[in-house]
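Notes follow the structure.
The values are calculated or read from the model by the stated rules, or taken from the named source; none is laboratory data. Bear in mind the structure is a predicted one, so any value in this text is a computation, not a measurement. Cβ atoms come from the backbone with ideal geometry, glycine included; neighbour counts cover every protein chain shown.
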Amino acid sequence: MTKTTEPLHIQLQSFFLARKNFYQLLNLLFLPPTNKVLAGIRSSINFHELEEVHEGGEILQHFIGHLSNEQINMEKEEYQRLFIGPGPLAAPPWESYYRSKDQLLFEEWMYQVREQYHRYGLKYVKENNEPDDHLLLELEFMSFLANLNMQESNHERILELISSQISFLEKHLTIWIPFFCERVIENTESQLYLGAAMLLEDFLSFDLTTLIELREVLTDV
Amino acid sequence: MSEKNHLMTLLTNKMQRRTFLKWSGAIGIPVIAGGIGTKMLVDRKGEQKVVNAKEKEKIFSTCSINNCGGRCVIKAHVKDGVVVRVSTDSQESGDLSTPPLRACVRGRNYRSMLYHPDRLKYPMKRIGKRGEGKFKRISWEEAIETIASEVKRIGDQYGPESRYVNYASGQSWGLHGGKNAARKLLSLTGGFLNYRNDYSSGAGNVATPYTYGTNNSGSSFDSLLHSKYFILWGQNPSEMIFSTPYREYLMQAKKNGAKIIVIDPRYTDTAVAFADEWIPILPTTDNAMMDAMGYVIITENLHDQAFLDKYCIGFDGDHMPDGIPKQESLKSYLLGEKDGVAKTPEWAEEICRVPADKIREIAREYAKTKPAALIQGWAAQRQAYGEQFMRGGAQLACLTGNVGKLGGWAAGTGYWSRSDIVYPFSYKNPVKASIPCFLWTKAVEYGVEMTPADGLEGTEKLTTNIKCIFNMAGNMLINQHSDINKTVKLLEDESKVEFIVVSDLFMTPSAKFADILLPGTTFFERYDIGVPWCFGDYVVFGDKTIDPLYECRDEYDVFAEVAEKLGVKDKFTEGKTILDLVKESVERTKKELDPNFPTFDEFRKKGVYHFKYDTPLIGFKDQIDDLENHPFETPSGKIELFSKALWEMNKHDEIPAIAKYIPAWEGPEDPLKETFPFQLISWHYKRRCHSTYDNQPWLEEAAKQEMWVNTKDAEKRGINNGDRVQVQNERGSLFIDVKVTPRIAPGVVGIPQGAWYSPDKEGVDQRGSVNVLTSQRPTPLAKANPQLTNLVEVKKA
């Protein structure tokens, strides 16, 4: 009884591609701000569009529009102060820190995300040397899953992958990221990290809602 | 409805303002181009096993080698490369030959230290002004290259005496450690300026040998089971541990019926746990009470004349060294024959505030109850005339004949040791010059002006000031040395010390002053063997439980690479890894020192080795049993209550030949007390080991950083429990919360030592780092730290 104009997975490709790109953009925003990374950010965003949908986008557009070498150096220092150290970090970028009672790293949540990576045949290149629940890794994992989704044509598998992403967002990213972003927003005057944090937090909750709704739709199909 | 329409309807209708289409439109161009952002998640390549929560834990027995007197057994439960929890020695108590080596609250926190988010993770170089705290992440290659070239440059330019490895105790009781690695590197490239002595028992270490010829005046803990009476004078093993099994023996002695007196300005946890009686005393006045006890013992004829006649020099006029007037004797001093002041309990009460009758009572009990152990802590010798305290205790032990006898105690510094292991990692410094460790800031500023009168040894004169400092796992660079404000100023001047290397786990106040900052490893991440301070018949295996985290590295490996740059790597490592050193120590200890010592595998499995002995070690037993064949190691071969060597220094006011009370500068008799009315002391807090762990929140919950003030003093000043106060003197000022308590003597305030100096923008410490208020004036003989001698004013903030 199949009567399709265009296979579902083809229809969904642009959706997953856009999500993958967005996760990659977020990843870029939280990489050490080298000239190359900043150029990557600049070329990745349609700022007019982003500005319209989100205040964070507006801040970022303003930042990218006024980039000088001096500014880049300041961002490098700021990045180190917020996320690298030495010394107490203004915004530690690891999930365990926000979820464990004693604000430690390498706690059970790190195990949980490691288990997810392993389940998909992946491992952190620095496994057991640095924690697996770093922001950049969790974002990379999401873009990896979005990419898998793009390549998948089996309906069941598509649903399964969507569920995995929903679960990862629900059990991990959307739980700790709001606290992380709050720390960034409270502690920085950098337009780059202010904008990035606002965008990150809102995109994740938006993505979660979208995926849940998509799953409802696809389950009914 | 087609699927496509369905989907589009969903995506356009359900999203309100922020629609998916808009979001996706905002990033129309593919983002990652040309390899920006290396992939961090990689293919597991055939590793089938998925980590899961049920995987079995593996238990490693390991050991911290910080500067705690105890060594406890730490069991690391490791699962999938992560230490998931720690436990401690599960040995039952009961058999005192194998006492349990259980961790205290600090040991229980080790996992939090290991996985603390603030760990130093990568090598850094300073980019701001020194001390400002601005750093840039660099590669290990750059760090090693910089160290090698600076070590060479400064050595070539100023000579080897310009290079200094600062006193540091974060890794102090193991086989290798950063300090030794730096020393070995410098030794192989021309040498470095040595230091002597320590910050713990500095005055005592120099003073006690003038009485006994050695600092090994203690006896093994099992001897305490024979003691009937204890005076713990300023000793607080409940909080600072001293040696892990010590309390087990004290508890047993108490069960055996011994009476325990604790003399301390504070009602310490030790007093709470063990004391039949707590005697509060004013800091720096202990010798007044000691003198009065001596007076009571002599005048009531309770002294052991036969012991004094046979073993001691200087008790009375008949036993003086040649050429010394009779009235210089100890007895003459106590009776006031020369100065007209009899050292009566009433005289002492005026000074030390212990009631005269109480002094009499304790003197009588101590002299009559045999055997009795007067055991001295070291806090009371970290004062202006700390030498007197150490020799004064020994004096009382001699008056009562408690030396060399089972259950007695010779007092003085009180080291004892009969168990040892082989240390295969060693160096030979070609430079002979040495300074007292406490005078390193002086050697930075006025090194070339120092003389033997400043404790300079091995040379008449230094050729240079200190220009390069290695500060490895230590906080003496800023926090733990006296007078922080003065030290900060000194180090901020980059023309004085030109290059500072710090290695540590966290961004300590000292680490902020690094030019090159290296991330070190915790004991979980390296092999070692932990030994207790000189007190205890046990050693603990330090297993490597996980690989070093982040880019943290063992200093041994780092300095081996620096050595390679300087062409001396082979001499540095002798081809050995850290694990090789540990194995060699175990094998050679078994072969050379103790045939019962376990093999490497046995030791690793068991985690601990207890040396066993049939009889207790009794300090000076050989000398007392047979003086002729076993003289004391003093010039006269006897116990020198009167030291002719000290007499000949001819500074009798500050360096007397017999131990006596000398009113301290910034003591209760100093006129400065009108301006700064409180005596400030510090103590080893149970939540820290010196300054280690100050950044651990869980321990702060266990014991908050706060200043103790006596209830009456607080009332007079309208200070309530929990209030924030400002504490200040001429050297500095700090803010701290207050604990109002009757557990500290009136007129005395106490700040637990080791809190990290945390200045606000005006440079005023907000955490209660006591060394903001302490003085760099050294003790007269030992040139040691007087850090418990301070007058301060306290005001409600």
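A few notes on this one:
- Counted residues, the range B:285-338 - those being of a type in the set (Gly, Ala, Ser) and assigned to a helix (DSSP H, G or I): 6
- Residue in the range B:52-62 that is modelled with pLDDT of 90 or more, of a type in the set (Gly, Ala, Ser) and either part of a loop (DSSP other than H, G, I, E, B) or surrounded by 13 or more Cβ atoms within 10 Å (Cβ to Cβ) (or both) present: yes
Rundown of residues vs (1) over 29 Å from the mean Cα position of the chain (by Cα); (2) of a type in the set (Gly, Ala, Ser); (3) in a loop (DSSP other than H, G, I, E, B), yes/no style:
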position	(1), (2), (3)
B:Ala664	no, yes, yes
B:Gly667	no, yes, yes
B:Leu672	yes, no, no
B:Trp683	no, no, no
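The rows are residues; the columns are (1) polar (S, T, N, Q); (2) under 30 Å from B:Lys576 (Cα atoms).
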| position | (1), (2) |
| --- | --- |
| B:Gly392 | no, no |
| B:Cys398 | no, no |
| B:Val403 | no, no |
| B:Thr413 | yes, no |
| B:Ser426 | yes, yes |
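- Looking at B:Pro752, B:Pro780, just one residue is farther than 19 Å from B:Asn485 by Cβ, in a strand (DSSP E or B) and touching a residue at least 60 places away in the same chain (Cβ under 8 Å), and that residue is B:Pro752.
- Identity of the residue in the range B:125-148, touching a residue at least 12 places away in the same chain (Cβ under 8 Å) and part of a helix (DSSP H, G or I), that ends up surrounded by the most Cβ atoms within 10 Å (Cβ to Cβ): B:Ile147
- Some residue of the range B:174-195 being surrounded by fewer than 23 Cβ atoms within 10 Å (Cβ to Cβ) and in a strand (DSSP E or B): yes
Listed here are the residues, each with its yes/no results for (1) in the same structural domain as B:Asp570 (by TED's automatic domain parsing); (2) hydrophobic (A, V, I, L, M, F, W, C); (3) outside any helix (DSSP H, G or I).
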site: B:Gly392; (1), (2), (3): no, no, no
site: B:Gly407; (1), (2), (3): no, no, yes
site: B:Leu439; (1), (2), (3): yes, yes, no
site: B:Val448; (1), (2), (3): yes, yes, no
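- Selection status of B:Arg364, part of a helix (DSSP H, G or I) and in contact with a Pro (Cβ under 6 Å, 6 or more places away or on another chain): no
- Test: residue in the range A:80-88 that is polar (S, T, N, Q) and either closer than 23 Å to A:Glu127 by Cα or part of a helix (DSSP H, G or I) (or both): yes
- Residues (part of a helix (DSSP H, G or I) and at the interface with chain B (Cβ under 7 Å from one of its Cβ atoms)) located in the range A:116-126: A:Tyr117, A:His118, A:Arg119
- Taking the conditions (1) on the phi < 0 side of the Ramachandran plot; (2) in a loop (DSSP other than H, G, I, E, B) in turn, B:Lys795 satisfies each one other than (2).
- Residue match in the range B:693-703 (condition: in contact with a strand residue (DSSP E or B) (Cβ under 9 Å, 6 or more places away or on another chain) and surrounded by 18 or more Cβ atoms within 10 Å (Cβ to Cβ)): no
- Residue list for the range A:34-53, restricted to those being touching a Leu at 6+ places or on another chain (Cβ under 7 Å) and more than 7 Å from chain B (Cβ to nearest Cβ): A:Leu38, A:Ile41
- Taken residue by residue, the range B:606-628 has no member that is within 29 Å of the chain's Cα centre (by Cα), within 14 Å of chain A (Cβ to nearest Cβ) and outside any helix (DSSP H, G or I).
- Considering residues of the range B:495-537 that are at pLDDT below 95 and among the aromatic types (Phe, Trp, Tyr) only, the residue farthest from B:Val444 (Cα to Cα): B:Phe535
- Within the range A:70-115, tally of residues that are over 24 Å from A:Glu186 (Cβ atoms), crowded, with 21+ Cβ neighbours inside 10 Å and more than 8 Å from chain B (Cβ to nearest Cβ): 1
- Subset of the range A:128-146 that is more than 20 Å from A:Asn21 (Cα to Cα) and facing chain B (nearest Cβ under 7 Å) - its residue that is surrounded by the most Cβ atoms within 10 Å (Cβ to Cβ): A:Glu130
- Within the range B:566-585, if we keep just the residues that are free of Cβ contacts under 8 Å to residues at least 60 places away in the same chain and β-branched (Val, Ile, Thr), the residue that is farthest from B:Glu602 (Cα to Cα) turns out to be B:Thr573.
- Tally, over the range B:196-217, of residues that are surrounded by fewer than 23 Cβ atoms within 10 Å (Cβ to Cβ) and touching a Gly at 6+ places or on another chain (Cβ under 8 Å): 3
- Residue in the range B:557-580 that is buried (at least 24 other Cβ atoms within 10 Å of the Cβ), more than 18 Å from B:Ile144 (Cβ to Cβ) and among the acidic types (Asp, Glu) present: no
- Residues that are at negative phi and either assigned to a helix (DSSP H, G or I) or among the polar types (S, T, N, Q) (or both) within the range B:639-662 comprise B:Ser643, B:Lys644, B:Ala645, B:Leu646, B:Trp647, listed in sequence order.
- The set of residues in the range B:478-513 that are in a strand (DSSP E or B) and under 30 Å from B:Arg111 (Cβ atoms) comprises B:Val501, B:Val502, B:Ser503, B:Asp504.
- Meets criteria (basic (Lys, Arg), closer than 25 Å to B:Cys104 by Cα, surrounded by fewer than 21 Cβ atoms within 10 Å (Cβ to Cβ) and at pLDDT 95 or above) for B:Lys255: yes
- Any hit, the range B:428-439, residues being more than 27 Å from B:Pro778 (Cβ to Cβ) and either touching a strand residue (DSSP E or B) at 6+ places or on another chain (Cβ under 8 Å) or among the small types (Gly, Ala, Ser) (or both): no
- Meets criteria (farther than 19 Å from B:Asn236 by Cβ, buried (at least 18 other Cβ atoms within 10 Å of the Cβ) and either free of Cβ contacts under 8 Å to residues at least 40 places away in the same chain or within 14 Å of chain A (Cβ to nearest Cβ) (or both)) for B:Arg111: yes
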